[in-house]
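Structure record follows, encoded as structure tokens.
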Amino acid sequence: MRVSMADVAERAGVSAQTVSRVANGSPRVDPATRARVEKAMADLGYRMHRAARALRTGQTSTIGLVVSTLASVGNSRMLQAISEAAAARDYALAVVTVGERGIREAFARLRSQGVDGAVVLNEATELARDAQPPADLHLVVVDSPADPRFSIVQTDHAAGARAATTHLLALGCGTVHHLAGPAGSFAAVERERGWRAALADAGVAAPEPVRGDWTSASGYRAARALVGASAVFVANDQMALGALRAFADAGRRVPDDVAVVGFDDIVDAAEYRPPLTTVRQDFDALGRRAVAALIAAIEGGDAVAETVPAALVVRASSAAI
């Protein structure tokens, strides 16, 4: 049996209008009453009917996610994090990928679904910046240079890469080579910047980086140019997996002959052979902050710029060489 506002009002000892105000986030409810109504909602398992709420407020309580691909582990992890964060705020999520028809078509599809705003993820952010997003669509972008048109939430990629490179230098390897991500990726550029900064701090010239496309296959191909290296910082864990295979095929032992550090700390990183030293991205925190920033914008708040720290996780792939 569906729980109604009247049921909640009776349980909380308030009017149905007060329940409606609480459900719609109105500030015109004192904290004690709000807490009593929210407890009654939780006790009864009350859920606001989205269509009815949309008619009253003009908002659908649905947000969108724009992504170039879900094939990469990082993007899939962000989808899960944003989906869970949206559900915790009682928002539905509509996902669109940027196909051949481009970012404008993706935005048009979201608007046709009546979303209140959208999160634009990673590689799609460059497309969003260049496309002049619709003025009536609130946006939060994950990983982007500063832009006054929307809120930005990002990992501190440069600091994480700097920590990884400094760790490798401390092993006494002389220099650290870099297997970088795509040149057009903000995250890849920032990770390369952190790598270069750590080498500069140590007075070491930066070797020419080799580049992949985030996939393990591209990591394998690119790493074949680095088989003589003694230390490699790889821009993500998937490419690091390919690099480990390339080194093994070349007869180079990790970490005895070459130390390897990745980035992301994907779920399987500790199961690589050897277990992979990597920089951990807090995908859950990124998802929570992106959704919170978007809902705040939908409710009339100002744009924000937030940076989530990244932490080095040392495992066997970078033991002393």
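Would you call A270 part of a helix (DSSP H, G or I) and surrounded by fewer than 16 Cβ atoms within 10 Å (Cβ to Cβ)?
Yes, satisfied.
Considering every residue within region 221-234, establish whether at least one is within 23 Å of the chain's Cα centre (by Cα) and either buried (at least 16 other Cβ atoms within 10 Å of the Cβ) or touching a residue at least 12 places away in the same chain (Cβ under 8 Å) (or both).
yes
Just to be sure before I move on: is S317 of a type outside the set (A, V, I, L, M, F, W, C), touching a Cys at 6+ places or on another chain (Cβ under 8 Å) and under 25 Å from V189 (Cα atoms) in the structure I sent?
No, not satisfied.
With (1) surrounded by fewer than 15 Cβ atoms within 10 Å (Cβ to Cβ); (2) at pLDDT 95 or above; (3) over 30 Å from L137 (Cβ atoms) as the list, and P309 as the residue in question, which single condition is left unmet?
Going through (1) surrounded by fewer than 15 Cβ atoms within 10 Å (Cβ to Cβ); (2) at pLDDT 95 or above; (3) over 30 Å from L137 (Cβ atoms) one by one, P309 breaks only (3).
Go over the candidates R252, R245, R289 one by one and state the one that is more than 19 Å from T215 (Cβ to Cβ) and outside any loop (DSSP other than H, G, I, E, B).
R289 is the lone residue from the list that is more than 19 Å from T215 (Cβ to Cβ) and outside any loop (DSSP other than H, G, I, E, B).
For region 179-186, does any single residue satisfy the condition of being free of Cβ contacts under 8 Å to residues at least 60 places away in the same chain, more than 30 Å from I295 (Cβ to Cβ), outside any loop (DSSP other than H, G, I, E, B) and in contact with a Pro (Cβ under 9 Å, 6 or more places away or on another chain)?
yes
For region 50-84, how many residues meet the condition of being surrounded by 13 or more Cβ atoms within 10 Å (Cβ to Cβ), out of contact with any strand residue (DSSP E or B) (no Cβ under 6 Å at 6 or more places or on another chain) and either more than 19 Å from D264 (Cβ to Cβ) or modelled with pLDDT under 60 (or both)?
Total meeting the criteria: 7.
Can you tell me which residues in region 260-291 are of a type in the set (K, R) and within 18 Å of H157 (Cβ to Cβ)?
Within region 260-291, R280, R289 meet the criteria.
Go through region 181-197 residue by residue and tally those that are surrounded by 23 or more Cβ atoms within 10 Å (Cβ to Cβ) and more than 17 Å from the chain's Cα centre (by Cα).
3
Can you tell me which residue in region 267-291 is modelled with the lowest pLDDT, limited to those that are among the aliphatic types (A, V, I, L, M) and over 26 Å from S151 (Cα atoms)?
Among them, the one singled out is V267.
Going through region 225-242 one residue at a time, which ones are among the small types (G, A, S) and in a helix (DSSP H, G or I)?
A225, A240, G242
Any residue at all in region 256-263 that's without any contact (Cβ under 8 Å) to a residue 40 or more places away in the chain and more than 26 Å from V142 (Cα to Cα)?
There is no residue in region 256-263 that is without any contact (Cβ under 8 Å) to a residue 40 or more places away in the chain and more than 26 Å from V142 (Cα to Cα).
Only one of (1) closer than 28 Å to F263 by Cβ; (2) free of Cβ contacts under 8 Å to residues at least 60 places away in the same chain; (3) outside the structural domain of V234 (by TED's automatic domain parsing); (4) of a type outside the set (A, V, I, L, M) is not met by G74, so which one is it?
Status for G74: all satisfied but (2).
The values are calculated or read from the model by the stated rules, or taken from the named source; none is laboratory data. Remember, predicted model here, so these are calculated numbers, not experimental data. Note that each Cβ is placed from the backbone with ideal geometry, even for glycine, and that neighbours are counted across all protein chains shown.
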